[in-house]
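Input: a single structure, listed below in structure tokens.
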Amino acid sequence: MDQIHTRAIEALQPFIHLANSNSATSPRFIANLITNATSNPHTYVFAELLETPTIQALRSPNTPEEFQGYLTLLEIFAWGTWQDYQTTPNLPSLSAEQALKLRLLSLLTLSATLKPLTYKTLMDALSISAPAELESLVTKAIYSSLITARLSPPPTLPS
């Protein structure tokens, strides 16, 4: 697991570097940085980025309203789940890449907290309507080394 964590931190380093650079002064720059970090297919940890003073500057009462939700969004990517995103008002819309990433991270959280994981439980928690879509997500999580899993499709009823 240490090698996986090391790779995850290495993938986040360019974003931490940008957050600590002199050019990271405007809320728009910070919002774009958060969007890029959460969209990147190789980043899966965000706490280190969240801790940077530049990112924390979004807590300022002087931050324009259009950028205030980005800090909460990054907190959800760091510690939350898909359901947290769904129930938190005034957050930026997610791109397809961000939605996939947040579902993958939520799958990781669910796999650590719920046993056994059923198709229905996962589909409900991740707002997925088709078993094939869930299977694709689980497969992506396995190949990304986020989880170790075995899929057991639900039994089908005879016609």
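Working from label points 7 Å from Cα in the Cα-to-Cβ sense, the Ala99 to Leu151 distance is 1.9 nm. The residue list Ser129, Leu50, Asn40 was ranked by how far each Cα lies along the charge dipole of the range 22-159 toward its positive end, using unit charges on Cβ atoms, and Ser129 comes out on top. Listed by chain and number, the aspartates and glutamates whose alpha-carbon sits under 17 Å from that of Lys115, ignoring those within fewer than 8 places in the same chain, are Asp124. Computed from label points 7 Å out along Cα-Cβ, the spacing between Thr6 and Gln56 is 2.9 nm. In summary, the aspartates and glutamates within cross-link reach of Lys120, defined as a Cα separation below 13 angstrom excluding same-chain residues under 8 places away, comprise Glu133, Glu135. Each Lys or Arg adds one and each Asp or Glu subtracts one; over the other residues with Cβ under 15 Å from the Cβ of Gly69, this totals -2. Rounded to the nearest whole Hz, the Karplus-based 3J(HN,Hα) values (6.51 cos²θ - 1.76 cosθ + 1.60, θ = phi - 60°) of the range 104-119 follow the sequence 4, 5, 5, 4, 4, 4, 4, 5, 8, 10, 10, 9, x, 8, 9, 4, with x at glycine and proline. For the range 113-150, the set of trypsin sites (Lys or Arg not before Pro) satisfying both a DSSP loop assignment and a count of at most 15 other C-beta atoms within 10 Å is given as Arg150. Normalised by the number of residues in the chain, the mean separation of alpha-carbon contacts (under 8 Å, six or more apart) gives a relative contact order of 17 percent.
Placing a pseudo-label 7 Å from each Cα along the Cα-to-Cβ vector at Glu133 and His42 gives an inter-label distance of 2.9 nm.
Laboratory data are not the source of any read-out in this text; all were calculated from the coordinates shown. What you are looking at is a predicted structure, and each value in this text was computed from that prediction instead of being measured. Counting neighbours? That spans all protein chains shown, and the Cβs are built from the backbone with ideal geometry, glycine included.
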